[in-house]
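Beneath this line is the structure, given in structure tokens, with notes to follow.
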Amino acid sequence: MNAKPHVAVVGATGAVGIEMIKTLEKRSFPVGKLTLLASARSVGKRLRFRGEDYVVQELTRESFRGIDLALFSAGGGISKEYAPLAVQAGCVVVDNSSAFRMDPAVPLVVPEVNGADVAAHKGIIANPNCTTAITLMALYPLHQAFGVKRILASSYQAVSGTGAKAIEELRRQSEQIVHRQAVTREVYPYQIAFNVIPQVDSFLSSGYTKEEMKMENEGRKIMHHPEFRASVTCVRVPVYRAHSVAVSAEFERPVVLEVARAVLSRAPGLELWDDPAKQLYPVPMVVAEMDNCVVGRLRLDCALENGLCFWVVGDQLLKGAALNAVQIAERLVEPA
Ligand code: A2P
């Protein structure tokens with residue numbers, strides 16, 4: 001790829017799109033030219049990049065002429081329709097939606113885990129599910145040390161994972177409650193303010209949600225571990241930003257706590273904050289806007305053979321989306 005590519009952000013006005021633009025700037029990605037694309041509703045809106053205003057344009061079938069690299073985050077429907085057109089126009093796509101993740105011809109990449117898979121792309125590289133990416137940041141180094149068999153996990157997922165409308169819903173409902181007004185609801189099936197909702201994404205016939213099964217399906221592909229099993233309950237919580245995941249993992253080999261600590265403290269993109277005596281562990285309010293994920297609450301699992309429990313928190317707009325996408329893009333522009 002061109003060393004200074006013409007980059008397009010598709011869904012530039014969305015919760016993830018805005019973070020993509022900020023991340024390109026923060027990491028000094030070698031953007032030659034920038035094009036911001038969204039729906040007709042946003043045409044003319046201005047967004048800042050490196051101190052300059054860029055005017056948002058409408059996404060059309062012709063948008064990708066002359067573009068080298070497109071970061072997509074406008075939902076699965078838009079990706080399915082427009083990513084193939086972008087590839088036809090000679091563009092490489094990093095797609096944040098679930099549209100292509102399980103396609104065997106499309107690499108699904110967390111750079112700290114399987115960055116080398118980027119090289120096999122045929123035009124599209126998929127960015128994983130946010131909860132899966134954050135979990136793997138801690139699970140994969142442990143897998144390398146002890147060999148993971150399966151995990152049981154519960155997620156505590158922030159509303160920004162649903163997008164800009166859900167951020168507004170939590171803000172509005174909190175204000176309505178404080179002012180003793182009737183609570184209105186548009187995005188979630190129940191009030192999210194002062195509540196938790198055990199549903200993220202739609203239900204499958206098994207009783208799990210689609211989001212819950214992403215951990216096993218995407219985890220297998222990213223870790224190159226077809227026997228990996230994951231039973232997950234995904235829960236939406238009234239947190240603006242950063243997902244938390246409580247994990248009980250069972251390994252092939254006995255876990256030595258001190259080895260687990262050493263492995264996690266050296267893992268790239270991960271920090272270990274774990275000192276119960278000082279009440280030190282990660283919480284979403286502190287981890288929000290951090291590039292690194294943070295793991296804590298390490299303990300040997302009292303109910304599993306060779307088991308370890310941990311609590312991992314990550315900003316799902318960053319490591320779970322925009323940062324991971326830009327890290328993939330960095331591999332594309334690296335000299336071979
Ligand atoms: P817009 O702001 O113009 O609606 P979020 O996940 O935060 O809701 O953001 C979704 C992103 O996807 C926004 O940038 C949104 O643009 C964009 N988007 C949604 N529908 C379309 C569409 N039909 N064409 C292009 N972009 C779209």
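The values are calculated or read from the model by the stated rules, or taken from the named source; none is laboratory data. Only a predicted model underlies this, so the values are computations on that prediction, with no experimental measurement involved. Quick reminder, even Gly has a Cβ in these numbers, built from the backbone with ideal geometry, and neighbours come from all protein chains shown. Note: areas computed on protein heavy atoms with side chains; ligands, DNA, RNA excluded. Shrake-Rupley method; radii C 1.70, N 1.55, O 1.52, S 1.80 Å.
Of Asp53, Asp291, Asp315, which has the most accessible area and how do the rest follow, probe 1.4 Å? Kindly include the intermediate steps, with their values, before the conclusion.
Values: Asp53 75, Asp291 45, Asp315 0 Å².
My answer, sorted largest first, is Asp53, Asp291, Asp315.
The angle between the Cα long axis of helix 323-333 and the main principal axis of the chain comes to about 60°, on a 0 to 90 degree scale. Between the alpha-carbon centres of the range 53-112 and the range 204-261 there is a gap of 27 Å.
Helix 210-223 and the long axis of the chain differ in direction by around 90°, with both axes built from C-alpha atoms.
To the nearest ten degrees, helix 257-266 and the longest principal axis of the Cα atoms of the chain are 20 degrees apart.
Report the relative contact order of the range 212-336, percent, no decimals, based on alpha-carbon pairs under 8 angstrom and at least 6 residues apart. Show your work: numbers first, answer last.
On the way: 191 pairs, mean separation 31.9, N = 125.
Across the range 212-336, relative contact order equals 25 percent.
On a per residue basis, the chain carries 45 Å² of accessible surface, using protein heavy atoms and a 1.4 Å probe. Principal semi-axes of the equivalent ellipsoid, √(5λ) from the alpha carbon gyration tensor of the range 158-275, are 34, 19, 12 Å from largest down.
In whole percent, how big is the carbon plus sulfur part of the accessible area of the range 208-283, probe 1.4 Å, protein atoms only?
Values: 1950 of 3590 Å².
C and S atoms contribute 54 percent here.
To the nearest 20 debye, what charge dipole does the chain have about its Cα centre, counting +1 at the Cβ of each Lys and Arg and -1 at the Cβ of each Asp and Glu? Show your work: numbers first, answer last.
Values: 37 positive and 35 negative charges, 105 e Å.
Dipole of the chain, to the nearest 20 debye: 500 debye.
For the range 1-82, the alpha carbon positions stretch 30, 26, 19 Å along the principal axes, listed from largest to smallest. Comparing Cα centroids, the range 145-159 and the range 16-44 end up 32 angstrom apart.
Both radii are taken from the alpha-carbon atoms of the range 90-208; with Rh as the Kirkwood radius, Rg/Rh is 1.07.
In the chain the Cα-Cα distances spread across 10 Å bins starting at 0 as 6, 25, 33, 24, 10, 2, 0 percent of all pairs. Here are some pairs, Lys149/Lys210; Lys26/Lys80; Lys45/Lys165; Lys4/Lys221; Lys33/Lys221; which of them have Cα atoms lying more than 23 Å apart in this structure? Flagged as over cut-off: Lys26/Lys80; Lys4/Lys221; Lys33/Lys221.
In deg cm²/dmol, rounded to 500, what helix-only [θ] at 222 nm does the chain give when every DSSP H run of at least 4 residues adds -39500 (n - 2.57) and the total is split over its residues?
On the way: 9 runs with 100 residues, N = 336.
Taking each H run of at least 4 residues, the total per residue is -9000 deg cm²/dmol.
Counting Lys and Arg as +1 and Asp and Glu as -1 over every other residue whose Cβ lies under 12 Å from the Cβ of Asp53, the net charge comes to +3. For the range 44-51, putting each phi into the Karplus relation 6.51 cos²θ - 1.76 cosθ + 1.60 with θ = phi - 60° gives couplings of x, 4, 10, 10, 8, 9, 6, x Hz, in residue order, rounded to whole numbers and with x for Gly and Pro.
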